[in-house]
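Please read the structure below before turning to the comments.
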Number of protein chains: 2
Amino acid sequence: MAQPAEKLTAGVDLGGTKIQTVVLRAEEVVGSARLETPRSGAADVIATIVDSVKASIASAGARTADLGAVGVGFPGTIDFAAGSVGNSPNVHGFETEAVELGPAVAKALGGVEVRIDNDVRVAILGEWKRGAGRPYQDLLGVFVGTGVGGGLVLGNELREGRGAAGEIGHTVVKDAGRRCGCGKRGCLEAYAGRARMEVMARRWHYDKGRPTELFRIMRRRNRDRVTSGTIADALDQGDRMTIKLVDRAVWALGLALANAQNLLDMEAIIVGGGLGDRLGPPFVRRVAEAAMPHLHVPERPPRFLPTELGDLSGAVGAAVLVGG
Amino acid sequence: MAQPAEKLTAGVDLGGTKIQTVVLRAEEVVGSARLETPRSGAADVIATIVDSVKASIASAGARTADLGAVGVGFPGTIDFAAGSVGNSPNVHGFETEAVELGPAVAKALGGVEVRIDNDVRVAILGEWKRGAGRPYQDLLGVFVGTGVGGGLVLGNELREGRGAAGEIGHTVVKDAGRRCGCGKRGCLEAYAGRARMEVMARRWHYDKGRPTELFRIMRRRNRDRVTSGTIADALDQGDRMTIKLVDRAVWALGLALANAQNLLDMEAIIVGGGLGDRLGPPFVRRVAEAAMPHLHVPERPPRFLPTELGDLSGAVGAAVLVGG
């Protein structure tokens, strides 16, 4: 998979709100770009991916002809044979039918190699190979963002299972508990995912009249959704509803991660994602403390670590896919 | 690890109530013995292990001199370097301090090789190599008996972690739920382990006066503990308390196994152990049905299977340890 030394590799992290791209020479990040994800269909999303790769190459002072390969982290299902993708509720134009993302990007960039993998799996790949996970051969990465994704490295291999391994976000922390976006009840994601936290906050505030500064802070930030920054600001201001929401997220993460640890006895658990990175090491410490009472071997807990690459985990991991 | 073809291998499953031993020639079980576990200290337990091996060899029409190696499944912690064992609350004489079980058994049997591993890990080894798990490279074995043990085969390897992998019995199915024997609350074992089911039944019956036939059936069977047979008989008679206890066990198993599946995306889950085997395929089907609503990919569930070796899983797996 390694590229010739003079060739660049690009890694693209395609998200519902942004497209984060990095360009690597050997293993060094030499350029990057961050563009908004269009909400106007698949063709525009593909064009923006291509623009972000070109912009990253330009920021590295290089030329598009120097590009050897592109890796893409995609938030949905992937048909590896066809290079097509779909089932991505958060990316406009990719919600249902298969889109030939791989061939389209390859063609627009002069026929370079393109590999696509799941966004969460590339993020754990990034942290494992280039970030906080480097010392370990057994680790769980949990990415707390809009949803809660997870990826497992076991015995020095990224676990695939039958294609769906790592779904810690949809382990059930409370039977018949909070409704999750997936339709089930009581999933970790229903408590720790930003989207479901916002749903709960809107219900408590607008339907039940409970006070919160969360939406005022959101509007002040010129947002129409509760972002990780909104939550962090509301926490800093001591907003009680936000404190409660984050308490529940910490509780749910502690329980789910302890259960994963009891089953797998891993060396480390990395907590990242938009919200995890934004709230940072104090949040990770709280999650570790919440896990402790549930650990079967509390005298030998895993190391709970924040990410090292932060919001570049996915893009760097996508580049690792193609030898970057 | 393989023995010369003419040599026999023995596998010993040391339990709190019985010592089950098998003798294998090549991969065939040719002899077996089942003795009660003494309650009079470590020396007597070791002597009975040796007796059970000799009795198994005799039942195979062979001589002790034909024995090449012995594997032992031990319900506690193992110091692999020293061959010593301990931390086994259910085996008299092995509760706390280290006992040099391996060297003692080896010496008493003329210096044969002895290997010891965790009882649950050898049981999953037995089912994986010689039982229901043969077709699979990714599976979870859950053994529902006095407690609830588990073992994982991932990527065609028995997972060890840092020595404590597979503890599905101590994953938490209900935060702040039923007290478990381990001291935590809400563990799977607190709901599905026979010992905790008995604790609940005694409390409901003797402290709270709720009716049940369970203890009458127990006494009729000349037991002072609620065995798997007692539970099975009470279920057959429609005893409502027992039905409730088993319903909760099924619920807890469904939730814990679904969570393990969501995380690991395995091919198969084998449900065995004293109670699992006694209640058999209908119980396994109920557990599978209870897991379904919690599966993240319900259209591709794992296969839920009963054991093939039944109460010989552990002894056969112990023999597999030494190439049997």
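Each reported figure results from applying straightforward, stated rules to the coordinates on display, with no laboratory input. Here the structure is a predicted model, which means the values were calculated and not measured. Backbone-built Cβ (ideal geometry, glycine too); neighbour counts: all protein chains shown.
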Any idea what the A:His205 label distances to the other copies are, label 7 Å down the Cα→Cβ vector, nm, shortest first?
-> 5.5
Taking Cα pairs under 8 Å and at least six residues apart, what relative contact order does region A:134-307 come out at, in percent?
-> 23
Could you work out how far the C-alpha centroid of region B:7-27 sits from that of region B:208-255, in angstrom?
-> 30
Normalising by the residue count of region A:14-72, find the relative contact order in percent from Cα pairs under 8 Å and 6+ residues apart.
-> 33
How many partner chain Cβ atoms sit within 10 Å of a residue's Cβ in peptide A:158-170, on average, as a whole number?
-> 6
Taking amide H positions as placed in the peptide plane 1.01 Å from N, state which residues far from A:Phe304 in sequence (5 or more) or on other chains have amide H under 5 Å from it.
-> A:Ile269
Ranked highest first by the average count of other Cβ atoms within 10 Å around their residues, in what order do A:137-149, B:228-240 fall?
-> A:137-149, B:228-240
Taking the label point as lying 7 angstrom from Cα along the Cα-to-Cβ axis, what are the distances from A:Ala47 to the corresponding position in the remaining copies, in ascending order and in nanometres?
-> 8.9
Could you list, bin by bin from short to long, the percent of Cα-Cα pairs of the protein assembly as shown in 20 Å steps?
-> 18, 45, 28, 9, 0
Can you check what the net charge comes to around A:Glu160, using other residues whose Cβ is under 14 Å from the Cβ of A:Glu160 (Lys, Arg +1; Asp, Glu -1)?
-> -2
If you take the Cα atoms of region B:122-229, find Rg, then find the Kirkwood Rh from the mean of 1/r over all pairs, what is Rg/Rh?
-> 1.08
When only C-alpha pairs under 8 Å and at least 6 residues apart count, what is the relative contact order of chain A, in percent?
-> 21
Could you list which residues have their amide H under 5 Å from that of B:Thr17, counting only those 5 or more apart in sequence or on another chain, with H placed in the peptide plane?
-> none
The local net charge around B:Ile46, scoring Lys/Arg +1 and Asp/Glu -1 for residues other than B:Ile46 whose Cβ lies under 11 Å from its Cβ, equals -2
Which one of A:Pro103, A:Cys182, A:Asn87 is farthest out on the positive end of the charge dipole of chain A, using unit charges on Cβ (Lys, Arg +1; Asp, Glu -1) and the Cα centre as origin?
-> A:Cys182
Between region B:261-315 and region A:260-277, the alpha-carbon center distance in angstrom | 26
Region B:23-97, Rg to Rh (Cα coordinates; Rh as Kirkwood inverse mean 1/r) = 1.01
Output the DSSP H helices from chain A with an along-axis C-alpha extent of no less than 27 Å and a mean Kyte-Doolittle hydropathy no less than -1.0.
-> A:240-264
Measuring from a point 7 Å out along Cα→Cβ, what nm distances, shortest first, does A:Pro282 have to its partners in the other copies?
-> 5.7
Sort B:303-316, B:105-118 for me by packing, meaning the mean count of neighbouring Cβ atoms within 10 Å per residue, highest on top.
-> B:303-316, B:105-118
In whole angstrom, how far apart do the alpha carbon centroids of region B:118-178 and region B:48-98 sit?
-> 21
In the neighbourhood of B:Ile19 defined by beta carbon distances under 10 Å, the net charge of the other residues (Lys, Arg +1; Asp, Glu -1) is -1
Per-residue ellipticity at 222 nm attributable to helices in the protein assembly as shown (runs of n ≥ 4 DSSP H, -39500 (n - 2.57) apiece, nearest 500 deg cm²/dmol) works out to -11500 deg cm²/dmol
